[in-house]
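Colleague: Please read through the structure below; I'll follow up with questions.
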Amino acid sequence: MKKPLYFATALLLMASCSGQTDSKSFNSNDLKFTVEIDTVQVDPGEEHFIYLAKFLRYSSVSSDKKTLYNFNPSVPELEVIDLDELTLKEVLKLENEGPTGINASNSYLPMMDVSHKGELFLNTISYMIKLNASRDQMSRFWFTPDSLQGDALSDVEIIYPEGFMSDNKDFYFGAYGVQDNSAKSGLAMINLSSMELKKVPLDIFERIKKFEIFFSPAGNSKSSVTETVFFDSIEDKVFISTSAFNEIYLVDITHGTVEKKSFHSERTDDAKKGDFQKTASSQKELMDLAMEKGKEVHFLKFYYDDQNEKFWRFSIQLDRMNGDSAAYDVVLTIFDKDLIQLHEEKVDYSETGSLTFFKDGTLYSYINLEDELGFVRIKPTYE
């Protein structure tokens, strides 16, 4: 049996700074803390290889952060991983065909989630699947104009399948907009019990269009490099941010009201400038322009540490060029539970860009360890 692997270092981080909210008020706080960083490997047992081909794209973490569910659509099966013991607990076999068949091997499945009862949710282009914990009953949800109550969805609008579920799995959240339109219109919130739709218009999608780089070889097709929009739900709110701006939108799930918080950084720009070419004449030039765009500030996702009641967010910006090589600054910004900015500083660590979450006050971020599942863990201790 393969044993967990541990590598440990410790970094001392002490500094103070001032932050800015959308009301332009400042909060100064001498936030002192240390972090310990290690890497751990999950024990898959003797006869199983954990599915890593999609970089944990088809995975979800239970609300108590004790279990990681990793879906392998090619088999299909659901791997259940104990995050306390760092071991593969079990592998649940699923059916591709028949009354409870999920047809995973032939479908585009942009979202999966598992409820605390063990129910599996899979979203396809056409509908959402809900498979009960015993895997002997299946339900389907269609997000079409004639299937939804509440706010009207026009015949030319769609709800995009790349969404996510609320913690209690009662709601599905996804962007909505005119089909094939490059800019989405806002957030769709669907109560799965009543199939009631609430549409929340947001300007964030239109605002990031100006940073898109595209290559259109045939006139009717397009390859593009766009900004990332990050979604999450915590308690009664949906949190929406983007890689382009130093800000976040908070949508109240019950009332659909929107609050925007803007922040100020002393160490990076507060927004991308867009000082790069927006059209490419070849696929290679598209990638070259994307590298040039990458020199501008890039904000990553907000992560909530419920144990310490703080949000973390990393951002990246070019520091200097060494010939043809680029050196980047990584900045960690810490906010309190109300998203008041407390602290920011340059650090020499970050999330890995794939599945990342806080568990028991420690930030876990997926890493591939010689084709085995591992996590880089960053554990802060606040003084």
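The values are calculated or read from the model by the stated rules, or taken from the named source; none is laboratory data. Note that the structure is a prediction, hence the values are computed from the model and not measured. Here the Cβ positions follow ideal geometry from the backbone for every residue, glycine too, while neighbour counts run over all protein chains shown. SASA here: full protein model, heavy atoms, side chains in, ligands and nucleic acids out. Shrake-Rupley method; radii C 1.70, N 1.55, O 1.52, S 1.80 Å.
Colleague: Could you list, in sequence order, the residues of the range 187-197 that are out of contact with any strand residue (DSSP E or B) (no Cβ under 7 Å at 6 or more places or on another chain) and either closer than 13 Å to V251 by Cα or open to solvent by less than 40 Å² (accessible area, probe 1.4 Å) (or both)? Give the steps one after another, and end with the answer.
Modeller: From the range 187-197, those out of contact with any strand residue (DSSP E or B) (no Cβ under 7 Å at 6 or more places or on another chain) are 193; that's our starting set.
Across the range 187-197, there are no qualifying residues.
Colleague: Also, quick follow-up: Have a look at S139, S63 and point out the one that is among the polar types (S, T, N, Q) and outside any strand (DSSP E or B).
Modeller: Going through S139, S63 in turn, just one is among the polar types (S, T, N, Q) and outside any strand (DSSP E or B): S63.
Colleague: Looking at K117, K184, which is the one that is free of Cβ contacts under 8 Å to residues at least 40 places away in the same chain, part of a loop (DSSP other than H, G, I, E, B), under 25 Å from V91 (Cβ atoms) and open to solvent by 60 Å² or more (accessible area, probe 1.4 Å)?
Modeller: Details: K184 fails: under 25 Å from V91 (Cβ atoms).
Only one candidate passes the filter, namely K117.
Colleague: From the list V178, V200, which one is β-branched (V, I, T) and either open to solvent by 20 Å² or more (accessible area, probe 1.4 Å) or touching a Pro at 6+ places or on another chain (Cβ under 7 Å) (or both)?
Modeller: V178
Colleague: Assess whether P217 counts as being within 16 Å of the chain's Cα centre (by Cα), assigned to a loop (DSSP other than H, G, I, E, B) and on the phi < 0 side of the Ramachandran plot. Talk me through it step by step, then tell me what you get.
Modeller: On the way: within 16 Å of the chain's Cα centre (by Cα): no; assigned to a loop (DSSP other than H, G, I, E, B): yes; on the phi < 0 side of the Ramachandran plot: yes.
It is false that P217 is within 16 Å of the chain's Cα centre (by Cα), assigned to a loop (DSSP other than H, G, I, E, B) and on the phi < 0 side of the Ramachandran plot.
Colleague: For Y249, state whether it is out of contact with any helix residue (DSSP H, G or I) (no Cβ under 8 Å at 6 or more places or on another chain) and in a strand (DSSP E or B).
Modeller: So Y249 does not fit the description; no.
Colleague: Filter the range 222-242 down to the residues that are open to solvent by 50 Å² or more (accessible area, probe 1.4 Å) and either of a type in the set (A, V, I, L, M) or assigned to a loop (DSSP other than H, G, I, E, B) (or both) and list them by number.
Modeller: K222, T226, T228, E235, D236
Colleague: Give all pairs with beta carbons closer than 9 Å in which a residue from the range 79-105 that is on the phi > 0 side of the Ramachandran plot and crowded, with 16+ Cβ neighbours inside 10 Å meets a residue that is among the aromatic types (F, W, Y) and modelled with pLDDT of 95 or more; count only pairs at least 6 apart in sequence or on separate chains.
Modeller: Close Cβ pairs satisfying both conditions: L86/F375.
Colleague: Suppose we keep only residues that are of a type in the set (S, T, Y) and under 23 Å from F55 (Cβ atoms) within the range 329-357. Which one would you say is most open to solvent (accessible area, probe 1.4 Å)?
Modeller: Ranking the qualifying residues of the range 329-357, first place goes to T352.
Colleague: Run down F71, F143, F164 and say which single residue is aromatic (F, W, Y) and in contact with a helix residue (DSSP H, G or I) (Cβ under 9 Å, 6 or more places away or on another chain). Break it down into steps so the answer makes sense when it comes.
Modeller: Working: F143 fails: in contact with a helix residue (DSSP H, G or I) (Cβ under 9 Å, 6 or more places away or on another chain); F164 fails: in contact with a helix residue (DSSP H, G or I) (Cβ under 9 Å, 6 or more places away or on another chain).
That would be F71, the only listed residue that is aromatic (F, W, Y) and in contact with a helix residue (DSSP H, G or I) (Cβ under 9 Å, 6 or more places away or on another chain).
Colleague: Name the pairs whose Cβ atoms lie under 6 Å apart, with the first residue in the range 340-366 and more than 29 Å from D113 (Cα to Cα) and among the aliphatic types (A, V, I, L, M), the second open to solvent by 10 Å² or more (accessible area, probe 1.4 Å) and part of a loop (DSSP other than H, G, I, E, B), and 6 or more positions between them or separate chains?
Modeller: Pairs that qualify, where the first residue is more than 29 Å from D113 (Cα to Cα) and among the aliphatic types (A, V, I, L, M) and the partner is open to solvent by 10 Å² or more (accessible area, probe 1.4 Å) and part of a loop (DSSP other than H, G, I, E, B), are L342/L31.
Colleague: Among the candidates S147, S115, single out the residue that is among the small types (G, A, S), more than 26 Å from F55 (Cα to Cα) and modelled with pLDDT of 95 or more.
Modeller: Going through S147, S115 in turn, the sole match is S147.
Colleague: Among residues belonging to the range 283-304 that are free of Cβ contacts under 8 Å to residues at least 60 places away in the same chain and assigned to a strand (DSSP E or B), point out the one that is nearest to I234 (Cα to Cα).
Modeller: For the range 283-304, the residue satisfying everything is F299.
Colleague: So which of I129, I125 is surrounded by 14 or more Cβ atoms within 10 Å (Cβ to Cβ) and free of Cβ contacts under 8 Å to residues at least 40 places away in the same chain?
Modeller: I129
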